[in-house]
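Input: a single structure, listed below in structure tokens.
The values are calculated or read from the model by the stated rules, or taken from the named source; none is laboratory data. As the structure is a computational prediction, the values presented were derived from the model and not from experiment. Note that each Cβ is placed from the backbone with ideal geometry, even for glycine, and that neighbours are counted across all protein chains shown. To get the accessible areas, we keep the full protein, side chains included, count just its heavy atoms, and leave off ligands, DNA and RNA. Shrake-Rupley method; radii C 1.70, N 1.55, O 1.52, S 1.80 Å.
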Amino acid sequence: MKNPHFDPSRQHHRPDGFQNTYMSFRGKKWHEILRWRWQAWRAGHPRALTEPVPVVAPELDFVHTNAQAGLAMQPAATWIGHITVLAQIGGLNILTDPVFSERCFPVQWAGPKRHTPPGLTLAQLPRIDVVLLSHNHYDHLDEGSMRALAQQPGGMPLVICPLGHKAWFARRGMHRVVELDWWDSHVLEANSLHAAHARMPVTLTPAQHWSARTATDALRSLWGGFAVLSPDCHLFFAGDTAYSKDFADIRRHFAREHTPEHGGGFDLALLPIGAYEPRWFMKDQHCNPEEAVRIFQDLGCRRALSVHWGTFQLTDEALDEPPRALARALRAAEIPAERFAVLAVGETMRLARRTSPDAPST
Ligand code: ZN
Ligand code: ZN
């Protein structure tokens, strides 16, 4: 059996790997990949940018002071670029899918090259306590970044990831890794990370996507998103995903924690808005901005931050198109644009502290 985690009672498990709940993913055939590339070439995709991807100098003083603030930390999210966000909540410095390399590819001399440098460099990061890793695609699991973080002063961050990644880390001498199945949680207890922080359950949530790192390991390791319920901020990180009913399931799963008396839905959702054209090829793995807005609605979250755009040209839409399409979709859905933010690379978003019975406001 190729999947050592196989449990026939779990719907998304297969003897040789994993599968989505609602739309089975099937690897694209060579002729489909060629058809995509041929059609894109004939149509002149991707087109050049009409406006530059916005970049600002990071607020290093704020980020570093906040990093040390312990339980007085101001909930904040800094967009480093692509899928990488520094979330500062509950006293912890959390990184999502750290990608700092020049290219997201098995080798650094080929493959998609960064259009915008990281908003914070590895050297500018505060000490990272936790990494949330969504899956093993090269634009999410970046070996160079993981090796650098493993060497940070004070030791490797705790990596929380879906089933099937521990061996990859162990082969590289990295052992502070917790694997989760969908709906399973790892609770970060007070002071478990040598930093003053709140008690925080981290739950792996389903996503409509797939995994592959080589030509022969498609769907072998699991993919997913994360719900991090910190008393000062309930954070959701979708990872890579297409639109599916998974997000209505996620809302139901957390209904008890998200009643109005408990402060309502997720305070911030990091949602992907890029890498979606052509639809016939991408729609079972990446949502477009319109679908990202539906995910936002299905989750019932207060605010969202746009990620997975503006950094690597992975698909046919122009690199600067996703925010324009998002603005149209938000207007159509009558959602104020500030609720679904598009940040500049390097920009920090500050969040109001969640108020609920278990989070006395300070
Ligand atoms: Zn992916
Ligand atoms: Zn991706």
Could you give the accessible area per residue of the range 260-302, probe 1.4 Å, as a whole number in Å²? 32 Å²
Hey, any idea what % of the chain's accessible area is carbon plus sulfur with a 1.4 Å probe? 55 percent
Compare ALA332, ALA292, ALA318 in a GNM of the chain, Cα atoms joined below 10 Å, and give the one with the largest fluctuation. ALA332
Mind checking which lysines have their C-alpha under 29 Å from LYS245, skipping anything on the same chain fewer than 8 residues away? LYS2, LYS28, LYS29, LYS166, LYS283
Stretch ARG256-TRP109 to full length: gain in nm at 0.36 nm per residue minus the Cα-Cα span? 48.0 nm
Treating only the Cα positions of the chain as identical point scatterers, give the base-10 log of I(q)/I(0) from the Debye formula at each q in 0.09, 0.10, 0.13, 0.15 Å⁻¹. -0.46, -0.57, -1.03, -1.44
How big is D, in µm² s⁻¹, for the range 48-103 by Stokes-Einstein at 25 °C and 0.890 mPa s if Rh is the Kirkwood radius over C-alpha pairs? 193 µm²/s
Within 10 Å, count the other beta carbons around each residue, average over each peptide in 92-98, 321-327, 250-256, and list them highest first. 92-98, 321-327, 250-256
Taking a ≥ b ≥ c as the square roots of the eigenvalues of the Cα gyration tensor, with a/c under 1.5 meaning rounded and otherwise prolate when a/b exceeds b/c and oblate if not, the range 163-315 is oblate
Over the chain, the sum of -39500 (n - 2.57) across DSSP H runs of at least four, divided by residue number and rounded to 500 deg cm²/dmol, gives at 222 nm -5500 deg cm²/dmol
